[in-house]
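Asker: Here's a structure for you.
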């Protein structure tokens, strides 16, 4: 991780699915420019001003270089823009029509996430 990270990613390191995905992102070219923060290891009520631990555990969040916090599909797009392999996808997903569809897909994933987590825990 570089000290001058452009973005910070808040993820649930207690989730086997999330851990695997973040580990893969970290290995990608550009992954070292991102500050990766495992929210499951933060003992306080708030991860940072404007983001409580409970919300950070439920949904993918990113803090942009300007300090704004975003979540969901736009947060994934921000991460992908940092990763060489995914940069074009990040810009596509950030387009308004695609962003709305991606957010709906992400909300669907969030509903299925508990079942996926249980499955991954059984298969590890």
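Asker: Grab the beta carbon distance between residue 116 and residue 52, set R0 = 30 Å, and tell me the FRET efficiency rounded to 0.05.
Answerer: Details: r = 24 Å, r/R0 = 0.79.
With R0 = 30 Å, the Cβ-Cβ based efficiency is 0.80.
Asker: Nearest 500 deg cm²/dmol is fine: what mean residue ellipticity at 222 nm does the chain get from its DSSP H runs of n ≥ 4 alone, each adding -39,500 (n - 2.57), divided by its residue count?
Answerer: Mean residue ellipticity, 222 nm, calculated: -16000 deg cm²/dmol.
Asker: If you count the DSSP beta bridges with both ends in the chain, what percent of them are antiparallel, to the nearest 5?
Answerer: DSSP beta bridges in the chain are roughly 60 percent antiparallel.
Asker: While we're here: Of the candidates 94, 55, 12, which one comes out as most mobile in a Gaussian network treatment of the chain with C-alpha springs shorter than 10 Å?
Answerer: Maximum fluctuation in the GNM of the chain, among the listed residues, is at 55.
Asker: Further question: Using a 7 Å offset from the Cα along the Cα-to-Cβ direction at both residue 27 and residue 103, what is the distance between the two label points in nm, to one decimal?
Answerer: 3.3
Each value in this text was obtained by applying a stated rule to the coordinates, not by laboratory testing. None of these values were measured; they are calculated from a predicted model. Glycine gets a Cβ as well: all are built from the backbone with ideal geometry, and neighbour counts include every protein chain shown.
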